[in-house]
Every structure is written in C-alpha cells, then in structure tokens.
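Report on one structure; see the data block that follows.
The values are calculated or read from the model by the stated rules, or taken from the named source; none is laboratory data. Keep in mind the model is a prediction, meaning the values are calculated, not measured. Note that each Cβ is placed from the backbone with ideal geometry, even for glycine, and that neighbours are counted across all protein chains shown. Calculation scope for accessible area: heavy atoms of the full protein, side chains included, ligands and nucleic acids excluded. Shrake-Rupley method; radii C 1.70, N 1.55, O 1.52, S 1.80 Å.
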Amino acid sequence: MVNGDEGSYLASRSEELLWRARFTRREIVRLGAGLPVALGIARLARPGSAGAAGRGTGSPIVKPLPSDWFIDYGSNAEMRWDSLHGVGYEIPNERFFVRDHTATPRIAVSSWRLRVFGSGLKGRGRTFSYDQLRKLPARELVSSVECAGNGRSFFASQEGTPASGTQWRLGGIGVARWRGVALAEVLERSGLGKTALDVMPYGADPAFVSNGIDHGHVRRPLPIAKALDDALLAFEMNGQQLPPDHGFPVRLIVPGWIGAASIKWVAQIAVSKRPLFSFWNTQQYVLQGDAYPRTPVLTTQTVKSAWELAWGAELPANTPIRLRGRAWSGTSPIERVDVSIDHGATWTRAGLHGANSAGAWNEFTYTFPAQPAGSYELWARARDTSGRVQPPTVPFNSGGYLFGAVVRHPVVLR
Ligand SMILES: Nc1nc2c(c(=O)[nH]1)N[C@H]1C(S)=C(S)[C@@H](COP(=O)(O)O)O[C@H]1N2
Ligand SMILES: [Mo]
C-alpha cells in the first residue's frame, strides 16, 4: 500500500512518538535513520519531469528571479520591498516570494489526482481529477502567504542571537487574490465523518531529506475546525492559473496562518480521527527556546510592518519625504501604525489607506520630516484591532520564527 492510510499513519505515528518522548537531537537522528525503511513513509507517484524552463536545469525555482525584484537564496527567493513602488495591493505572480523545501515540481494536470482518504471519513474516501475539482463551486479570497521565518535575520542583527535558516528580512510575504474550492466542500464530498479531528494535505514535490533522514513529502496537519472554516484549495492566483512555483495545479491557502500550512502541489489529503504529526509540526514550525517551555506548535501569524524602501535607502536631507509601507496581522485588521525616527522616544501616527482585512495587509504612509543629513532609523510599530502590537523585542526561538518586534530600518539622508 504505497499511498494508503497505513503508510502515512505509520509515518505520522513515528513523528508522534518522537514528539511525545522529546528525544534529544542526537537520538532523533539515530532513530530517524531507520524510520523511513522500517515504517514506510507514504510515497506519492513521481510528478511529471522536474526542472525545465525559466532558469535552466538544476534551479529549484522555475520562474525568473530578476535581482531588482528578488534576493535569490536558491530554493527560496525574497521579495525586495524597494521594488514595490507603484505595485498595487496584490503582488503580481511574477514578483511573489518563493519558499520551496526542495524544488518546484512540474506537474501535468492529466496525470494529477487529488486523493482524500483516512479514518475521519465515513467511507473509503474519494479521488478528484483536475476537471472534477474545477467544476465544484468556486470562491475567491484575498490572503497573504507569509513564511513563519519572515524577519528571521533580525534575531541576529537586532537581538544578537542568530537563528539558523534563510536570513529573510521582511520579504517573505506576499498578498494575492486566490480562487478555488473551499477545503470544506472537498471534505464534505469525500464523506467527512463527525469524528474527524485533523486534516493533513501532502505536497507532490520531492521528499524532503535532511541530515540523511528522509522525512517524506512536505505535509502539515490542520485541526478540522480551521480546515472547515476558511481554508481554500486554490487553482488560480490573481486571476491566472497557479504558476508552477506557487503550487500548480492546486495549493492550499490557510488564511492568517504561517505559510508552511499553505501546502503547495497538493495531491493527497489525510483526514483522521486521531491527531496527526509530521516533521513540520513537531521538529519544524514549533517554538523552541528558554521562553517556550511548552514548545507550542505555530498556527497564526504575528503583527508586522515594512517600508517600501531599500535597506539603508538614501533619501534627500532637509525636505519632507512621503514614505509608504504595509502592515499586517494574521488574526485581525490593522488598527494603527506609529512611526519613530528617534529610537522610540517619540511616535507619530501614520495614515492608513485602502483595503484592510485580517490575513492580508494595510498600506500606510508617513511623512519623514525635514532633517539634516545623517544616518537615521525608521521604526514602524503596527497594532491590530485585537490589541496585538509589535513589541520592542521578542524572546529567541531556535527556528527563528515569528519575528514580530519593531524593525529598525536604516536610512541615510543626503
Ligand atoms: N508542498 C509544499 N508546500 C509548501 C512548501 C513546500 O516546500 N512544499 N513550502 C511552504 C512554505 S514554508 C511557505 S512559506 C509557503 C510559500 O509559498 P510560496 O512559495 O507560494 O510563496 O509554501 C508552503 N507550502
Ligand atoms: Mo515558510
């Protein structure tokens, strides 16, 4: 049984055991080495041929990554905030950041299937072709996708403790208009049972191997309540077919949650009456560190803000300058943004403009007053309508996740 319940549940159980026992890293490595063979991690059929088009063979990301739009980290590409001048509320597909654990697969819709299975269903589940999925009632949703590690570099540069992983500044986020089928619709049509507890989408990208351990396909469970609430199986991004790098033919969008929940290239969905576990909700995307003794599993995104400016941007001295930025929160709309240019001694309220919804962003403007030449720091501090506000610092976690503190953006007036 290659793609069946047994393989995936056994793999999940092995993660669960590791999680519950809180093994040391060395023990995890030692145990992990034998796990895939002993427990048979669920395998998906190989999707189409990998590689092709855009950046030449061998490149994990398919689309071009011009250096004025992106910082290229190989399998991740950060959006440059200074490239947003004149770009509207939604980030065009070709400018949207990319985060791949392995590499973008090329999938043919003719061979693609979505298989829904598991103990949380009344019957044996159901398989959908692309055409069948596209015929179901569709919905549209404007939502951000933001990597849990967005802002990670500031743990080093502002708080003195580096966290390993991609050293994003704030460009690990984008907002897009997604169109697709509610996950709830697909689950109902697959015979969702009353006992369902967790829902785990599996990506069809290559298995993730780290330190010689094969963790299987990228997958991360959602509680049934969130799955039924607003999760969307999207096949369109900003009115176009999903691009390969963003999950073609179908990806999940989990509004307000860390990007890792929004599984790309979805090919299987497990629905279970038991809690589900994978590498991505036990070893990654949990908060680990002295400040987090209970090792919470990451769900919603924190409050952040960013300037549409280069890092260390040069601005004219002795004249007022109107600056733009965007602020966002995973749970609520933005209520206000305050700005300081004197290291937090005084704050000025920024203007908020346009659309503003939970799980997307709100544009703001601030007029930098006429100041003599020199080096300055722009501090923006956003607050959402549930009262969450960006703190001056955040306690360290080893994954470098959820850096929500006020970012000290350097600018030079000349
Ligand atoms: N199958 C699969 N889904 C995935 C990933 C992945 O590597 N494989 N990366 C996740 C992470 S960590 C993030 S932040 C988002 C990034 O989405 P994007 O590349 O469309 O911006 O996709 C998520 N979904
Ligand atoms: Mo991510």
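Could you sort E335, E78, E314, E363 by accessible area so the largest value comes first, with the probe set to 1.4 Å? Present the calculation step by step, with values, prior to reporting the outcome.
Values: E335 80, E78 5, E314 120, E363 35 Å².
Largest accessible area first, the residues go E314, E335, E363, E78.
At a Förster distance of 41 Å, what's the computed FRET efficiency of T365 paired with Y73, Cβ-Cβ distance as r, to 0.05? Walk me through the intermediate numbers first.
Details: r = 30 Å, r/R0 = 0.74.
The formula returns an efficiency of 0.85 here.
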proj_area_mean for the chain (convex hull on C-alpha atoms), units nm², value 20.1 nm²
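Tell me, in nm to one decimal, what length is gained between E94 and R134 on full extension, where the rule is 0.36 nm per residue of separation less the Cα-Cα distance? It would help to have the intermediate numbers written out before the result.
Working: separation 40, 0.36 × 40 = 14.40 nm, distance 2.35 nm.
So the chain would gain 12.0 nm between E94 and R134.
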Per residue, the convex hull enclosing the Cα atoms of region 210-279 spans a volume in Å³ of 109 Å³
Note: probe point = Cα of S164 + 7 Å toward Cβ; backbone nitrogen < 18 Å; residues of region 94-128 passing the test are 101-102
Which of N281, N356, N150 fluctuates most in a GNM of the chain (C-alpha springs under 10 Å)? That residue is N356
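How big is the equivalent ellipsoid of region 265-414 along its three axes, where each semi-axis is √(5λ) from the Cα gyration tensor, reported in whole Å from largest to smallest?
Values: eigenvalues 255, 61, 38 Å².
Square roots of five times the eigenvalues give 36, 17, 14 Å.
With a Förster radius of 51 Å, plug the Cβ-Cβ distance of R414 and T295 into 1/(1 + (r/R0)^6) and report the FRET value to the nearest 0.05.
Numbers: r = 47 Å, r/R0 = 0.93.
After rounding, the FRET efficiency stands at 0.60.
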Once both label points are put 7 Å beyond Cα along the C-beta direction, the D342-T195 separation in nm becomes 6.5 nm
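Cβ under 13 Å from G374's Cβ, G374 left aside: what net charge do those residues give with Lys, Arg +1 and Asp, Glu -1? Intermediate results must be reported in sequence, preceding the final value.
Details: positive: R414; negative: E314, D342, E377.
Neighbourhood net charge equals -2.
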Taking only C-alpha positions in region 245-347, Rg and Dmax in angstrom work out to 19.7, 64
Normalised Cα Rg of region 167-230, dividing by 2.2 N^0.38 Å with N its residue count, works out at 1.47
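Taking N as the number of residues in region 335-414, what is its Cα Rg relative to 2.2 N^0.38 Å? It would help to have the intermediate numbers written out before the result.
Details: Rg = 14.1 Å, N = 80, 2.2 N^0.38 = 11.6 Å.
With N residues counted in region 335-414, Rg over 2.2 N^0.38 Å equals 1.21.
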Once all protein chains are kept in place, L315 shows an accessible area at probe 1.4 Å, nearest 10 Å², of 20 Å²
Nearest 10, in degrees from 0 to 90: the angle of helix 5-21 to the longest Cα principal axis of the chain is 50 degrees
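How would region 299-386 be classified by its alpha-carbon gyration tensor: rounded, prolate or oblate, with rounded meaning a/c under 1.5 and the a/b versus b/c comparison settling the rest?
Numbers: a/c = 2.22, a/b = 2.12, b/c = 1.05.
It comes out prolate by the Cα gyration axes.
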Placing each pseudo-label 7 Å from Cα in the direction of the beta carbon, S386 and A373 end up separated by a distance in nanometres of 4.8 nm
Expected field for R115, accessible surface area in Å² at 1.4 Å probe radius, rounded to 10, holds 70 Å²
